[in-house]
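The values are calculated or read from the model by the stated rules, or taken from the named source; none is laboratory data. The shown structure was predicted, so the numbers you read here are calculated from the model rather than taken from an experiment. With ideal geometry, Cβ positions are generated from the backbone for all residues, glycine too; neighbour counts draw on all protein chains shown. Note: accessible area is taken over every heavy atom of the protein model, side chains too, but ligands, DNA and RNA are not part of it. Shrake-Rupley method; radii C 1.70, N 1.55, O 1.52, S 1.80 Å.
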Amino acid sequence: MIPILGKQLFGQSSDAIYKMALQAFTDTGLTKVTVADVGAGQGNFARLLASSERAVTLLDDFEPVDLPLNCQWIKADLNNSWHGVQTQFDFVIALEVIEHLENPRHFFREIIKLMKPGAYGFVSTPNNDSLFSRLNFLLTGQHRWFQDSCYPAHITPILEVDLLRILRENGLITVGLYYSNEETIPKLNYTLNWKGKLYSKNFGVLFRKPVFTDSQH
């Protein structure tokens, strides 16, 4: 039987990832705005944003249950074009989604369509540049969170430099890099709350869509 590549039913992220994402959102200075949560899974982060009266649209293959009234779900196969979305948003977020998808560049092209001119976006993924991931790759030839035990859910490892290149390719402005500041020691599953790129299990990038494109000047 062929595995369903990348599919994960009703996914959720760790509190450290939500904290990282909330910090990125706070740094934008946005308040009561429209948000698209791409690959929303169970909708946990959407609920956090919706609790402050923000309108949140969730995109995913599977509909979460018991969403707040200011949340709506749109069915979307994230490996294809997202035809069901007819509006643009002030903030677009995708937490731990891109590693589940077949084509990260297609993913960003679809995200750009969701963004108003001047809108912000935030994308996070497992940190393959962490100390333990680098050691794992040196010893096994596999990224730590993309070993056989993570397949077929995690199928596309992304390095920090890859995300920055994709942003440049699409004319997006890099605002900042963020780290979850949480890591676990392999085998022992002991959590370290050290800070920075080397000691974070996950990282994210905050970016912005220009108000004007070159063709509009």
> What angle, in degrees between 0 and 90 and rounded to the nearest 10, separates the Cα long axis of helix 160-169 from the longest principal axis of the Cα atoms of the chain?
Replying inline: 30
>> Within the chain, what whole-number % of the accessible surface is contributed by carbon and sulfur, with the 1.4 Å probe and all protein chains included in the calculation?
In response: 55
> To the nearest 10 degrees, how steeply does helix 104-114 sit against the main Cα axis of the chain, on a 0 to 90 scale?
Replying inline: 20
>> Can you tell me what share of the DSSP beta bridges in the chain is antiparallel? A percent to the nearest 5 is fine.
In response: 45
> Roughly how big is region 34-91's charge dipole about its Cα centre, with Cβ charges of +1 (Lys, Arg) and -1 (Asp, Glu), in debye to the nearest 20?
Replying inline: 100
>> Run the helix sum for the chain: -39,500 (n - 2.57) per DSSP H stretch of 4+ residues, divided by residue count, reported at 222 nm to the nearest 500 deg cm²/dmol.
In response: -7000 deg cm²/dmol
>> Under 8 Å for C-alpha pairs, at least 6 residues apart: give me the relative contact order for region 84-217, rounded to a whole percent.
In response: 28
> Which of LYS116/LYS195; LYS19/LYS116; LYS19/LYS113; LYS75/LYS209; LYS32/LYS75 have a Cα-Cα distance over 30 Å?
Replying inline: LYS116/LYS195
> On full extension of the chain, what length is gained from LEU139 through ASP61, given 0.36 nm per residue of separation minus the C-alpha to C-alpha distance?
Replying inline: 24.5 nm
> How large is the dipole of the chain about the Cα centre if only Lys and Arg carry +1 and Asp and Glu carry -1, each at its Cβ, rounded to the nearest 20 debye?
Replying inline: 400
>> Just want the answer: with Cβ charges of +1 for Lys and Arg and -1 for Asp and Glu, which residue in ILE158, LEU135, THR184 is farthest toward the dipole's positive end in region 127-215?
In response: THR184
> Counting Lys +1, Arg +1, Asp -1, Glu -1, what net charge surrounds ASN70 among other residues with beta carbon under 11 Å of its beta carbon?
Replying inline: +2
> What is the set of long-range amide H partners of ALA36 at a cut-off below 5 Å, with H atoms built 1.01 Å from backbone N?
Replying inline: THR57, PHE91, VAL92, ILE93
>> Can you compute the equivalent ellipsoid semi-axes for region 1-150, i.e. the square root of 5 times each eigenvalue of the Cα gyration tensor, sorted largest first and rounded to whole Å?
In response: 27, 18, 15
>> Just want the answer: with Cβ charges of +1 for Lys and Arg and -1 for Asp and Glu, which residue in ALA94, ALA16, LEU198 is farthest toward the dipole's positive end in the chain?
In response: LEU198
> How much area per residue is accessible in the chain when the probe is 1.4 Å and only protein heavy atoms are counted (Å²)?
Replying inline: 52
>> Between 0 and 90 degrees, rounded to the nearest ten: what's the tilt of helix 15-28 against the longest Cα principal axis of the chain?
In response: 40
